[in-house]
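Bear in mind that the values in this text are calculations on the coordinates, not laboratory data. Since this is a predicted model, take the numbers as computed values, not measurements. In this analysis, Cβ positions are derived from the backbone assuming ideal geometry, glycine residues included, and neighbour counts consider all displayed protein chains.
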Amino acid sequence: MYNDIVMDHFSDPRNVGEMPDADAIGEVGNLVDGDKIKIFIKVKNNLLIDIKFKTFGCGAAIAASSMVTLLAINKTLTDALNIKNKDVSNALGGLPKEKLLCSNIAADALHNAIKNYLSSQK
């Protein structure tokens with residue numbers, strides 16, 4: 001059902017874990033299937049210098065969380081805010097139609113973390 005890229009990010013997720021000294025945290029949940037993604041970010045000079053995630057969900061949600069961290073690391077906050085859920089799915093080589101909903105919250109969690117960071121800087 002999943003391609004090799006998705007299976008790789010599911011079985012060996014990148015940047016998984018918590019970040020006790022995070023500058024901000026973003027969370028998103030999917031009420032339909034119960035997936036929940038929490039993204040932790042560290043920012044320096046407007047760059048995402050570190051990012052971690054914790055995900056409760058299916059393989060697609062875990063793979064999407066892993067991929068969004070790779071897409072966002074070392075990006076400016078503006079560039080990271082431009083990462084869309086479709087970009088995450090495309091970077092994973094696509095997902096089965098029935099699993100798109102599971103993965104369609106990873107970028108939202110990232111965006112929430114960045115928005116929380118920006119709000120704390122005002």
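Relative to the first principal axis of the alpha-carbon coordinates of the chain, what is the inclination of helix 59-72, with its axis defined by its Cα atoms, in degrees from 0 to 90 and to the nearest 10?
With rounding to tens, the tilt is 40 degrees.
So if I place +1 on the C-beta of Lys and Arg and -1 on the C-beta of Asp and Glu, and nothing else carries charge, what would the dipole magnitude of the chain be about its Cα centre? I want it in debye, nearest 20.
Details: 14 positive and 14 negative charges, 66 e Å.
That gives the chain a dipole magnitude of about 320 debye.
If only Cα atoms are counted, what is the Rg of region 31-77, and what is its Dmax, in Å?
Cα-based Rg and Dmax for region 31-77 come out at 11.9, 38 Å.
So if R0 is 30 Å, what FRET efficiency would ASP33 and ASN82 give, r being the distance between their Cβ atoms, rounded to the nearest 0.05?
Values: r = 26 Å, r/R0 = 0.88.
According to the calculation, E is roughly 0.70.
So what is the calculated 222 nm ellipticity per residue for the chain, using -39500 (n - 2.57) for each DSSP H run with n of 4 or more, over all residues, to the nearest 500 deg cm²/dmol? Walk me through the numbers before you get to the answer.
Working: 6 runs with 53 residues, N = 122.
The per-residue figure over the chain is -12000 deg cm²/dmol.
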